[in-house]
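Where a number appears in this text, it was derived from the coordinates with a stated rule and is not lab data. Nothing here was measured: the structure is a model prediction, and the numbers come from that model. Cβ atoms come from the backbone with ideal geometry, glycine included; neighbour counts cover every protein chain shown.
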Amino acid sequence: MRAPAKLNLHLSVGRLRPDGFHDLVTVFQALGLYDQVTLTRADELTVTVEGEGADLVPLDATNLAARAVCLLAARTGNDARIAIHIRKDIPVAGGCAGGSADAAAALVGCDALWGTDLTRDQLADAGAVLGSDVPFSLHGGTALGTGRGEQLTPVLGQGNCCWVLALSEPGLSTPAVYGELDRQRHAGPVGVVSDPAEVLAALRQADAVALGRSLGNDLQPAALALRPALRSLLDAARELGALGAIVSGSGPTVAVLARDATYADALAAALTGQGQCAAVRRADGPVAGARVVEAH
Ligand code: C5P
């Protein structure tokens, strides 16, 4: 199975709800950068992980893919003794929904392995229990997310977006970034991104310049407060001629929009040369959500 990374082209964060989550209005896009998840029947539930940042991924029952297997096993009456192997390409703890992608891939994989033939809605319903981004990891494409991000409506769009992801050392926790935003809002007025109309219009018209101008993320000021070095990375990308640059979700990955694939490759090389980020990845969007790519 494989599942894609996500980016929030627009993320407006509303009030803190009694359940500890914030109401969101977000425009997700799935990017062609994937984690591969392999499931094999085994004597016990195990998790192994390879790839960049693998040492940061939990191998116990808190692993999101393991939780996905257990949840679906309980819901469908199947045996959760599965060996899960994850090959990470999505930045770990980077704000690109890597853990959610693994959970989405595990849900799709268990459904195939057990022949349970669940609908996408049933899988998304289970996914929402595991994390706010899991339903989108299943859905893929480009979608408007509301609620805590789990209620999805497909977004009409055309054309391809060419992205460069600038990776930084992990260490920005999602709850900490939301908490910093709450703190900033409590301390005084904080600028908020407007509604997603401009992003949606730019996508409809396949206008990359307008899309670059309209990217917005309410979590960005909070991520910058916790990781000030990200500001110079955003500035560097814009000075190099990016159409737009934005912190991805809660960060610290920065997503840089290029006018075409050739320019994206050049931007990736230039950002690598500047040495301000740990690594760069090229990825285009939108792509499909979690899929079985090879049955065992
Ligand atoms: O759902 P997920 O596991 O991604 O959420 C991680 C944390 O991020 C939550 O515990 C919460 O602190 C924060 N969050 C939030 N509002 C959302 C999504 C996430 O406050 N809509």
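Taking the alpha carbon gyration tensor of the range 91-237, what are the square roots of 5 times its eigenvalues, largest first, to the nearest whole Å? If you can, show how the numbers build up before the last one.
Working: eigenvalues 163, 84, 49 Å².
Three semi-axes, in Å: 29, 21, 16.
Using the Cβ-Cβ distance between Gln122 and Ala80 with R0 set to 25 Å, the FRET efficiency works out to roughly 0.90. Taking 19 Å as the cut-off, the amide N atoms of the range 182-206 that come nearer than this to a point 7 Å along the Cα-to-beta-carbon line of Ala225 belong to 182-194. Placing pseudo-labels 7 Å out from each Cα toward the beta carbon at Asp265 and Thr48 gives an inter-label distance of 3.5 nm.
Determine, from the Cβ-Cβ distance of Ala210 and Asp284 and an R0 of 25 Å, the FRET efficiency 1/(1 + (r/R0)^6), rounded to the nearest 0.05. Please report the intermediate quantities before stating the final value.
Numbers: r = 18 Å, r/R0 = 0.72.
Once the sixth-power term is evaluated, E becomes 0.85.
Given the options Thr40, Thr119, Thr253, which has the most mean-square fluctuation in a GNM of the chain, springs set between C-alpha atoms less than 10 angstrom apart? Taking springs between Cα atoms under 10 Å, the residue moving most is Thr119. Axis of helix 120-130 versus longest Cα principal axis of the chain: the two differ by about 80°, to the nearest ten degrees. The long axis of helix 261-274 is offset from the longest Cα principal axis of the chain by roughly 80 degrees.
Please name whichever of Gln276, Gly145, Gly241 sits farthest to the positive end of the charge dipole of the chain, dipole taken about the Cα centre and charges placed at Cβ: Lys and Arg +1, Asp and Glu -1. So the residue we want is Gly241. Inter-label distance, Arg238 to Val293: 3.5 nm, where each label sits 7 Å from its Cα along the C-beta direction.
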